[in-house]
1. Loop-only GluC sites (Glu not before Pro) in the range 3-112, please: DSSP not H, G, I, E or B, and at most 10 other Cβ atoms within 10 Å.
2. If you roll a 1.4 angstrom probe over the protein chains with everything in place, what fraction of the accessible area of the chain belongs to carbon and sulfur, to the nearest %?
3. Please compute the per residue accessible area over the chain with all protein chains in place, 1.4 Å probe, rounded to a whole number of Å².
4. So, how do all the Cα-to-Cα distances of the chain break down into 10 Å bins, in percent, from 0 on up?
5. Go through 58-68, 238-248, 168-178 and give me the packing order, highest mean Cβ count within 10 Å leading.
6. For the full complex of protein chains and a 1.4 angstrom probe, list Y35, Y72 by accessible area with the highest value first.
7. Can you tell me the dipole magnitude for the chain around its Cα centre, using point charges on the Cβ only (Lys, Arg +1; Asp, Glu -1), in Debye to the nearest 20?
8. Beyond a 25 Å Cα-Cα separation, which of these cross-linked pairs lie in this structure: K130/K311; K17/K331; K130/K159; K196/K218; K130/K300?
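The values are calculated or read from the model by the stated rules, or taken from the named source; none is laboratory data. All values reported here derive from a predicted model rather than from experimental measurement. We place every Cβ from the backbone using ideal geometry, glycine too, and count neighbours over all the protein chains shown. Side chains included, ligands, DNA and RNA excluded: accessible areas come from the protein's heavy atoms. Shrake-Rupley method; radii C 1.70, N 1.55, O 1.52, S 1.80 Å.
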Amino acid sequence: SFTADQARRASEELRSKGILEETLVLSTCNRSEVYGVPPEASRESAPGLSTFLSEFHSVRMDVLGTSLYHHYDREAVRHLFRVAAGLDSMMLGEAEILGQVREAYRLAHEQGATGPVLNRLFQSALEVGKRVRAETELGARPMSVASAGVKLAERIFGKLHDRSALVLGAGTISEQVIAQLRDRGVARLFVMNRSKERADGLAKQYGGEVLPWGEWEKALPMPDVIVTSVSAEEPVLRREAVERAMERRGNRAVFLMDLGLPRNIDSSVGKLYNVYVYNVDDLTEIVAQNRQARENEIPKADSIVEEQLAKFLSWQAGVELVGLVNELHAKMREQRDQFIRARVESIQHLPEADRALVETLMDEILESLLLEPARRLRGEKDLRRKVQNVEALRDLFLSNREKP
């Protein structure tokens, strides 16, 4: 996973090392993805990206490689659009992902890491996400990791009206957890965060109490439900602290939901008696129920994805085709000059005015050959959609390789 600072640093290094020209890092509760535009001379960027991720996070390639996936061109665009739509999430139609995509784009754009392609791509992705939520039932009663976690707590304790809860962290997911707990009528709410100002704001907004960060001896014996969503490299809740808290609470049951990446709760905590520890990966059953209730909406959402995909590819083809026309124009002018230089002796007998007329007529022929196609490319979207492989056209008309 990437913190915001790590995402900025990764983007800078990817560009400085020449692996990507445009780049954006998206890190959510169960995925980290790098979107990028590679240099023209290095279209096959996956090997370099994989090595970079391995080195950046100090994870051996043989370990990391089993979790990597790569998408190129059309499939990369389709994948991002499905992510933004909530179709590729563990919780189908989840509420958080669109905001996470928006925030990742904002950070990359402010950093200057994006360019014309990624700007257009992520603006289109945000439009996909908004349309899916507005035009399908995936946006109705949205399920999220936060709501799934609270549902899991209710399975253990039943109604939460006579229960207390402690939320560690004050970010977006933590706020969603707090809102869910309040909706379910939790009796008492505590908030703990490194930044007291942010904790104070959430406590005031939702009627909670702020506890000083790290005062585990005071905080842990009280709540029945503890939810963590903290950005930290190491676990913030250790076995020793929870063990002491369980002694003080007479081994009264406690539910801990770890929504952090990397994990916020030491894995050995779950071995303690009457301590129920869950993380994002444990929400499988709730995920299945959520998907069953919403799967009828998947074709509608996919239709929106495909519509927006066609629009993006049409825009991309238009940009590339206009560039191709300009390259063709330059090459034809060069060949025209070479043609005249090669035949200068054979037209020396012509008056200077006639030689100038020949050159002018050749220019007019070149312009007429390219003017109409360029005009049509600018004005006809359907024409751009028909051209599937601009690289093949470039290779056909601009390659200097000799035929076999």
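1. Working: sites: E12, E13, E21, E22, E33, E40, E44, E55, E75, E94, E96, E103, E110; in loops: E21, E40, E44, E94.
Here the sparse-neighbourhood loop sites are E40, E44.
2. Working: 10810 of 21400 Å².
About 51 percent, which is the carbon plus sulfur part of the accessible surface.
3. Using a 1.4 Å probe on heavy atoms only, each residue of the chain averages 53 Å².
4. P(r) over the chain, rounded to whole percents: 4, 17, 23, 20, 13, 8, 6, 4, 2, 1, 0, 0.
5. My ranking of the peptides, most packed first, is 168-178, 238-248, 58-68.
6. Details: Y35 20, Y72 85 Å².
Putting Y35, Y72 in descending order of accessible area: Y72, Y35.
7. Magnitude of the dipole: close to 1160 debye.
8. Details: K130/K311 16 Å; K17/K331 32 Å; K130/K159 34 Å; K196/K218 17 Å; K130/K300 14 Å.
Table pairs above 25 Å Cα-Cα are K17/K331; K130/K159.
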